[in-house]
Each structure stands twice: as C-alpha cells, then as structure tokens.
Amino acid sequence: MTTTTTPNLAPAPTSALSLSRTTATAARVLRQLRHDPRTIAMMILIPCVMLFLLRYVFDGSPRTFDSIGASLLGIFPLITMFLVTSIATLRERTSGTLERLLAMPLGKGDLIAGYALAFGVLAIIQSALATGLAVWFLGLDVIGSPWLLLLVALLDALLGTALGLFVSAFAASEFQAVQFMPAVIFPQLLLCGLFTPRDNMHPVLETISDVLPMSYAVDGMNEVLRHTDMTATFVRDALIVAGCALLVLGLGAATLRRRTP
C-alpha cells in the first residue's frame with residue numbers, strides 16, 4: 001500500500017511593504033488618536049507654547065530670539081514627536097495590540113510605515129503651526145524662505161517619530177521609554193551647535209556631532225537664516241536628516257517586537 005504524504009504548506013510570506021496595509025494601519029492609528037485629545041494637544045500645541053515662551057523670555061533682546069528661535073523651531077517638534085511616538089507604540093505592544101496585528105497578513109514594514117504616516121500627518125500640522133507662529137506672529141526674522149524653515153521642521157518631526165518608534169522596541173514600560181530621552185535626545189541637543197558653534201568644541205565632540213542628525217537640522221535652519229536662496233549646504237543638510245529618518249525607520253521595523261515580556 002502506497003502512503004501519500006501531504007506536504008505542510010507554510011503560509012505565504014507577507015511582502016515587506018504594501019500601500020493598502022500601510023494606509024489602513026495609518027487610518028487606524030489616526031482614529032485612535034482622535035479619541036485622545038491630550039496626546040494631540042501635546043504634539044500640536046506644545047512646540048507652539050515653547051516658542052511663545054521663548055520669544056518673551058528674550059523680550060528685551062529680540063536678536064537673541066532670531067539667532068536661536070529657528071534652531072528650536074526644529075528641535076521642539078523632534079522632542080515632542082519622539083516622546084509621543086515611543087510611548088504610544090509601547091502602549092500598543094504592552095496591551096497586546098501589536099501581537100494581534102502581526103498575527104494578520106501585516107508585515108513589520110507595513111506597521112512601522114503606517115505609524116510613520118499617521119504621525120507624519122500630525123507632524124505636518126505641528127510644523128506648519130509652529131513655523132507660522134514663529135515667523136508671522138512672533139516676528140522671527142529670517143532672510144530665506146519660511147517654506148524652507150517649514151521643510152526642516154517637518155523633517156525634524158519625522159526624525160523624532162522614527163527615533164520614537166525605534167527606541168520603543170527596547171523599553172518595557174512607558175517610564176523606560178521616557179528614560180531613553182536623556183540617552184538619545186540630550187547628547188544631540190548639547191552637540192548640535194545650538195549653544196556654541198560646533199567648530200569651537202573639543203575635536204572629539206565635534207567629530208561626534210558630525211554624525212548626529214540634529215546637528216544637520218540646526219545647520220539647515222541656520223542656512224535659511226543667513227541666505228536668501230536655497231544653498232547646496234541646505235540641500236545636503238535636509239537630505240541627511242531625511243536619510244537618517246528613513247534609516248531609523250528601517251531599524252525600527254527590524255527590531256519591532258510583538259509583545260513586551
């Protein structure tokens with residue numbers, strides 16, 4: 001008697017990235033955020049509030065605001081998007097939502113891209129409001145186009161989103177996610193050239209600053225402050241920030257875990 005063995009059929013692998021799955025994930029995240037007004041307020045309003053306070057801290061020295069306001073216009077969105085994204089992603093993993101989603105025909109790339117798209121929509125709103133407030137209401141004096149400021153602010157917000165998605169894979173609680181901020185954000189803040197030109201730093205610190213994306217975000221903002229037209233240096237800085245965001249998103253997809261032990 002001949003025995004016929006039926007081979008085990010493995011499920012078809014999910015493609016790395018699908019537009020329909022990505023947009024569906026983004027729509028789900030936006031629907032959830034719609035019911036969380038505190039998170040939306042933090043992402044959209046906090047950078048505006050910080051810029052407003054900064055302007056009147058230097059009320060007697062408006063030139064000081066002009067010199068650092070553009071840089072902080074990119075830094076504040078990065079910090080807020082980092083915090084909100086890391087905590088929101090970790091919450092989904094600890095609640096088991098990510099495990100259920102990844103049990104469906106949904107790849108890690110789809111999931112990370114969907115989160116990035118959803119938070120990117122909010123980043124556009126956040127960056128537009130902060131840039132408009134700084135330039136047209138608070139009187140930030142820029143020589144170049146405000147649209148270039150908006151572009152760098154948006155890239156910074158997307159970089160913060162990517163960093164938040166990446167570090168959430170290594171946190172076991174929301175408190176630990178917040179603890180990553182001193183390790184990931186503060187060194188960049190100190191070495192980005194906000195407090196002193198990078199070429200005045202110790203050579204070792206200057207070398208480290210050359211590989212940190214926030215340094216190029218600040219450099220890009222300063223290019224807009226000093227030049228009427230888009231310069232080659234500005235294009236380089238913007239491409240580096242965008243490339244770092246894409247690289248970190250790829251690392252986030254590679255390190256994404258279904259659950260937190």
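The values are calculated or read from the model by the stated rules, or taken from the named source; none is laboratory data. None of these values were measured; they are calculated from a predicted model. Using ideal geometry, Cβ is built from the backbone for each residue, glycine included, and neighbour counts are taken over all protein chains shown. SASA here: full protein model, heavy atoms, side chains in, ligands and nucleic acids out. Shrake-Rupley method; radii C 1.70, N 1.55, O 1.52, S 1.80 Å.
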Within the set of pairs 6+ apart or on separate chains, which have a first residue in the stretch 141-159 that is surrounded by fewer than 19 Cβ atoms within 10 Å (Cβ to Cβ), a second that is of a type in the set (Lys, Arg) and assigned to a helix (DSSP H, G or I), and C-beta atoms under 8 Å apart?
ILE143/ARG226
Residue by residue through the stretch 108-119, note down the ones that are more than 14 Å from ILE40 (Cβ to Cβ), among the small types (Gly, Ala, Ser) and open to solvent by less than 10 Å² (accessible area, probe 1.4 Å).
GLY114
Among the residues of the stretch 174-195, write down those that are touching a helix residue (DSSP H, G or I) at 6+ places or on another chain (Cβ under 9 Å), open to solvent by 40 Å² or more (accessible area, probe 1.4 Å) and closer than 16 Å to VAL84 by Cβ.
GLU174, GLN176, VAL178, PHE180
Identify the residue in the stretch 45-77 that is over 22 Å from GLY220 (Cα atoms) and aliphatic (A, V, I, L, M) and, among all such residues, is surrounded by the most Cβ atoms within 10 Å (Cβ to Cβ).
ILE46
Which of the following residues is among the acidic types (Asp, Glu), in contact (Cβ under 8 Å) with a residue 24 or more places away in the chain and touching a Lys or Arg at 6+ places or on another chain (Cβ under 8 Å): GLU174, GLU223?
GLU174
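Condition check: at pLDDT below 90 and crowded, with 19+ Cβ neighbours inside 10 Å. Does ALA128 satisfy that? I'd like the intermediate steps shown before the answer.
Details: at pLDDT below 90: yes; crowded, with 19+ Cβ neighbours inside 10 Å: no.
For ALA128, the condition - at pLDDT below 90 and crowded, with 19+ Cβ neighbours inside 10 Å - is not met.
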